[in-house]
Amino acid sequence: MKKIIITSSFNLPMGSHPEVDRLSEYWIEYRINIFMNYTYKSFVNQTNQDFTYFIKYDPLSENIIKNILSKYPQLPNNIKFISNNETYFQITKQISNYDYFYLVRIDADDMFHPTFIQQLIDYNPKDKTKVLINQDGYIYDIENHLLAVWSYLSPPFYTLIYNSEDFKNRIFYKFPGGHKDVVKLDYEVLDKKNFIVLVHGKNTETKFFSIFNKGLIEDLELKNSILNEFDIKYI
């Protein structure tokens, strides 16, 4: 069996990215709403639930996070908001009985296709492969109901293949240039359009029209078919 762990950074400092009001109750409430209506939905809709998903928050915001989450139905056992300083402990606890595991990255305001976990379970990478990359997907502007194909050589949608002992010994892959450095590892590409980048009112940098936008999908039937696959309902 493959152990699959997904992580998202919810309101952690973003280095060179523009600083946002990430510790305020208003910002956190807005982003949890986005998470629940899109990202969370894409994980509870996975056809295979054999994964653990950690959403990492800044410990300074713990009380606000817990208070806002209390207004929603209880999360399932395999989806957990955790303080960022617990991440290493929580992951090592999960991988204790596994020789290797998959560590999946996604932003807390994006989505995966409902078959994504099953695809990871079914896929057999080469022995030397260290990362599986999703280069092609979609971008969706939730306020203007715009959908386009989105493509990037080294996007923020990737799955690291870790030796469990290495991880326990804190031997981590390092990406000083961010996700654009992921392709410097031995990688394979998952062909299916597995993700949706969401554009909403509080993105830090993501813009709908960019060099990664490879073409607006204007055919209404096709657009709604794609959105329905991801369980996005246009109101």
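The values are calculated or read from the model by the stated rules, or taken from the named source; none is laboratory data. Worth saying up front: this structure is predicted, and the values here are computed from it rather than measured. Neighbour counts are summed over all protein chains in view; Cβ atoms, including those assigned to glycine, are modelled from backbone coordinates with ideal geometry. Protein only, heavy atoms only, side chains kept; ligands, DNA and RNA dropped before computing areas. Shrake-Rupley method; radii C 1.70, N 1.55, O 1.52, S 1.80 Å.
Filter Lys66/Lys192; Lys56/Lys207; Lys168/Lys207; Lys126/Lys207; Lys130/Lys223; Lys128/Lys207 down to the pairs with a C-alpha to C-alpha distance above 32 Å, please. It would help to have the intermediate numbers written out before the result.
Details: Lys66/Lys192 36 Å; Lys56/Lys207 24 Å; Lys168/Lys207 37 Å; Lys126/Lys207 35 Å; Lys130/Lys223 34 Å; Lys128/Lys207 35 Å.
From Lys66/Lys192; Lys56/Lys207; Lys168/Lys207; Lys126/Lys207; Lys130/Lys223; Lys128/Lys207, over 32 Å: Lys66/Lys192; Lys168/Lys207; Lys126/Lys207; Lys130/Lys223; Lys128/Lys207.
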Test item: Cα-centred dipole of the stretch 86-125, Lys/Arg +1 and Asp/Glu -1 on Cβ, debye: 160 debye
Separation in nanometres of the label points that stand 7 Å from Cα toward Cβ, at Leu23 and Phe89: 2.2 nm
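Counting only protein chains, not ligands or nucleic acids, how are Asp122, Asp107, Asp141 ordered by accessible area (probe 1.4 Å), most first? All intermediate terms of the calculation are to be shown ahead of the outcome.
Working: Asp122 95, Asp107 45, Asp141 15 Å².
From most accessible down to least: Asp122, Asp107, Asp141.
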Radius of gyration, Dmax [the stretch 56-98; alpha carbons; angstrom]: 12.1, 36
Alpha-carbon spread of the stretch 1-72, three principal axes, descending order, Å: 40, 31, 19
Tensor-based shape of the stretch 33-87 (alpha-carbon gyration tensor, a/c under 1.5 rounded, otherwise prolate or oblate): oblate
Heavy-atom accessible surface of the stretch 93-143: percent carbon and sulfur, 1.4 Å: 39 percent
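Given all pairs of different Cα atoms, what value in angstroms does the Kirkwood hydrodynamic radius of the stretch 172-235 take? The partial results should precede the final answer.
On the way: mean 1/r = 0.0666 Å⁻¹.
Kirkwood radius, the stretch 172-235: 15.0 Å.
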Equivalent ellipsoid semi-axes, the chain, via Cα gyration tensor eigenvalues times 5, rooted, Å: 26, 23, 18
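Send over a whole-number figure in Å² for the accessible area per residue of the chain, probe 1.4 Å. Spell out each step's value before the answer.
Values: 11860 Å² over 235 residues.
Result: 50 Å² per residue.
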Residue among Lys214, Lys192, Lys184 with the largest mean-square fluctuation in a Gaussian network model of the chain, springs linking Cα atoms under 10 Å: Lys184
